Structures are given as C-alpha cells and as structure tokens.
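Read through the structure below, which is laid out as structure tokens, and then see the notes.
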Amino acid sequence: MDIRIMTIDDYEQVYALWLSCKGMGLNSIDDSREGIERYLKRNPETCFIAEDGGKAVGVIISGHDGRRGFIYHTAVSPDYRRQGIAAALVERAAEALKKEGIAKAVLVVFAENENGNAFWEKIGFTERTDLVYRNKTLDANMKKINT
C-alpha cells in the first residue's frame, strides 16, 4: 500500500472510488474535475491517495484557508476497509496541514453516517454540539449527486 500526494491525473479513479462508497455527499460543481483541480491548485501538498498496485483504494481531500484545516471526502474502497488506510490518510493530511502552520482541522459528517461518525470519534475528532452548520448555494447550477 502506497500513500502519495493526489494530482488531477487521479481524478477519474478517485471519483469512481467516491461513487463506490455509499453516502458520499457529492455535488456537480465542487466535485467535478474542474472543482477538484481548483482545490488541488490551492492545496497542492495536503490531498492524498492510497494505492494498491496502481489502483486508488483510498483518498482524503484536505486543505486550509490559512486559519483552519478542512477535511473532505475521506473514503476507502469497501474491499479495503478495516486495514488502517483511512487512519493513515488522516495522519498524512494532518502532518501536511501542520507543516503549513495549521493547528486545528474541522470536518462535516452526515448525522446518519454511523460508521463515519464512529471512525472520526475513534481517532480523536470530537462532536461540536454548540454550533449550527449553515449552508447557502451560490450557484443555481449545483446539483447533488446521490451515492
């Protein structure tokens, strides 16, 4: 198993991996090739892919705004789960964020994603009950992609 920095050349494999993971919250703009390319340009050292024989089996999209780190779309192929891949990806992303001077990372998990919430809790991400997460779509062309 190899973990390396993700590039836009990995997009097709990564997108297929996301689609194989039930419950991923994807949308037509942010998760398009162009959206991911834009994110990778802003965060070239903080997104990682796990490969087995050249096949994408795990991914983490992370970056920062100069103040806080953000983690998005952490996914491991259903056939490769429970092998420590997600934890290794999170560790690599956390180290990359720390190298860039970021001291705290945040993420959003769907409330009904029991496995995801259990994973994040297990590796030390605590739930914030004092906040309300708010969202506003700025582009009417954005469509949710159900997985």
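The values are calculated or read from the model by the stated rules, or taken from the named source; none is laboratory data. Just so it is clear, the structure is predicted and the values come from calculations on it, not from any experiment. Virtual Cβ from ideal backbone geometry, glycine too; neighbours counted across all protein chains shown. What goes into the accessible areas is simple: the full protein's heavy atoms, side chains included, and nothing from ligands, DNA or RNA. Shrake-Rupley method; radii C 1.70, N 1.55, O 1.52, S 1.80 Å.
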Remind me, relative contact order of the chain in percent, using alpha carbon pairs under 8 angstrom and six or more residues apart?
28
In sequence order, what are the phi-derived ³J(HN,Hα) couplings for the range 73-80 according to the Karplus relation 6.51 cos²θ - 1.76 cosθ + 1.60 with θ = phi - 60°, rounded to whole Hz, with x for glycine and proline?
6, 6, 8, 10, 3, x, 6, 10
Heavy-atom surface of the chain, accessible at 1.4 Å and reported per residue (Å²):
65
Through the Karplus equation 6.51 cos²θ - 1.76 cosθ + 1.60, θ set to phi - 60°, convert the phi angles of the range 46-53 into ³J(HN,Hα) values in whole Hz; use x for Gly and Pro.
10, 10, 9, 10, 9, 10, 10, x
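Would you mind calculating the gained length between I5 and R67 on full extension (0.36 nm times residue separation, minus the Cα-Cα distance), in nm to one decimal? Intermediate values should be presented prior to the final figure.
On the way: separation 62, 0.36 × 62 = 22.32 nm, distance 2.17 nm.
Answer, rounded to one decimal: 20.2 nm.
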Rank by packing, highest mean first: peptides 48-57, 68-77, with packing defined as the count of other Cβ atoms within 10 Å averaged across residues.
68-77, 48-57
Divide, for the range 11-75, the radius of gyration over alpha carbons by 2.2 N^0.38 Å, where N is the residue count.
1.09
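Specify, per residue and in Å³, the volume enclosed by the convex hull of the alpha carbon atoms belonging to the range 1-113. If you can, show how the numbers build up before the last one.
Working: hull volume 11.6 nm³, N = 113.
Considering the Cα atoms of the range 1-113, their hull volume per residue is 102 Å³.
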Return the long-range amide H neighbours of N27 (sequence gap of 5 or more, or a different chain), with a cut-off of under 5 Å between placed amide H atoms.
I145
Surface share of carbon and sulfur [accessible, 1.4 angstrom probe, percent] for the chain
49
Going by Cα centres, the range 55-71 and the range 72-147 are how many Å apart?
8
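What ranking, highest mean first, results for peptides 8-15, 78-85 when packing means the other Cβ atoms within 10 Å averaged over each residue?
On the way: 8-15: 16.2, 78-85: 13.6.
Averaged packing, sorted descending, gives the order 8-15, 78-85.
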